[in-house]
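Quick notes on the structure that follows.
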Amino acid sequence: MDGVALCARFSIATNRLQYCGPSDAEPDLYRAITTDEGHVEARAHLSRFEALMPYLEAIGHKHGLDPFDRRVVEAYWVGNSLLDALDSRDFRGLLEALVRRGLPRSFSRRLGDHLPSRPLFHHAFHVSFVGVGNVTGHVETTLANMEACRPAWGTVRAREGATLRVERSSWAVRDARLAAGPPKIVEVSFDPRVVPDVRIGSTVALHWGWPALQLDDAQRGALEEYSRRAIESANEALPGLQVLS
């Protein structure tokens, strides 16, 4: 699986909901996920996803890698050591790029004024700090939407037809700060062409209720760790931003 296909796995759900990216992207994204074709077209579509590309470009630039190098895409959606080299100065540059993609300048300034000491170029941090829909304006930043938008991990407890019962991680709000919540049991539809080997006991990554990827133990550990770091970093800023209650 190359970086384009990996990125398409996490991006297709929001495109179906018409939250992100070009309205005609879904068929090419699905083709890139399920076949060896359509990667050129899928890359072109993904490059137009409003909040996604500034992160991939920043991570890639820092390491001299193509934005759709698999390691770069994995860093953003799952987490890996590429993220550890980026700092606050890099994130201020990212905010400028997000403004060019639609983030209101006034909101960018507000974020810059409350930038935590260790901002993280991970989707969980984007969700918790920049906000779910603040670049496109298509989605309200609520806890429920943050829960749906962040890449969450979960263990498959049952599989019946095209439905999985998943025990998934959760977030909660305590004293205007984010925290890990208790595991939740959810039922989600899945596509056997996307996660063909999923079975009871498998770990899957969920994005907007879509089982995007089956995770191995190392990937699950990375997603847990970088999600924890995202919460810690965002919590430095959230009281000042007053976005949670």
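The values are calculated or read from the model by the stated rules, or taken from the named source; none is laboratory data. Quick caveat, the model's predicted, so the values are computed rather than measured. Heads up, the Cβs are rebuilt from the backbone with ideal geometry, glycines too, and the neighbour counts pull from every protein chain shown. Only protein heavy atoms, including side chains, enter the accessible area calculation; ligands, DNA and RNA are left aside. Shrake-Rupley method; radii C 1.70, N 1.55, O 1.52, S 1.80 Å.
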Give, in nm to one decimal, the length gained when the segment between ALA158 and LEU17 is fully stretched (0.36 nm per residue of separation minus the Cα-Cα distance). 48.2 nm
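Report in % the part of the accessible area of the range 101-245 that belongs to carbon and sulfur, leaving out ligands and nucleic acids; probe 1.4 Å.
Values: 3020 of 6470 Å².
The value for the range 101-245 is 47 percent carbon and sulfur by accessible area.
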VAL173 paired with ASP66, simple spin-label distance in nm, labels 7 Å along Cα-to-beta-carbon: 4.2
Based on the alpha carbons, how large is the Rg to Rh ratio for the range 53-202 when Rh follows Kirkwood? 1.00
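For the ranges 78-87, 155-164, what's the packing order if you count other beta-carbon atoms within 10 Å of each residue, average per peptide, and put the highest first?
Values: 78-87: 18.1, 155-164: 14.1.
Result, highest mean Cβ count within 10 Å first: 78-87, 155-164.
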Quick calc of log₁₀ I(q)/I(0), the range 1-103, Debye, one scatterer on every Cα, no solvent, q values 0.10, 0.12, 0.19, 0.24 1/Å, result -0.26, -0.37, -0.91, -1.29
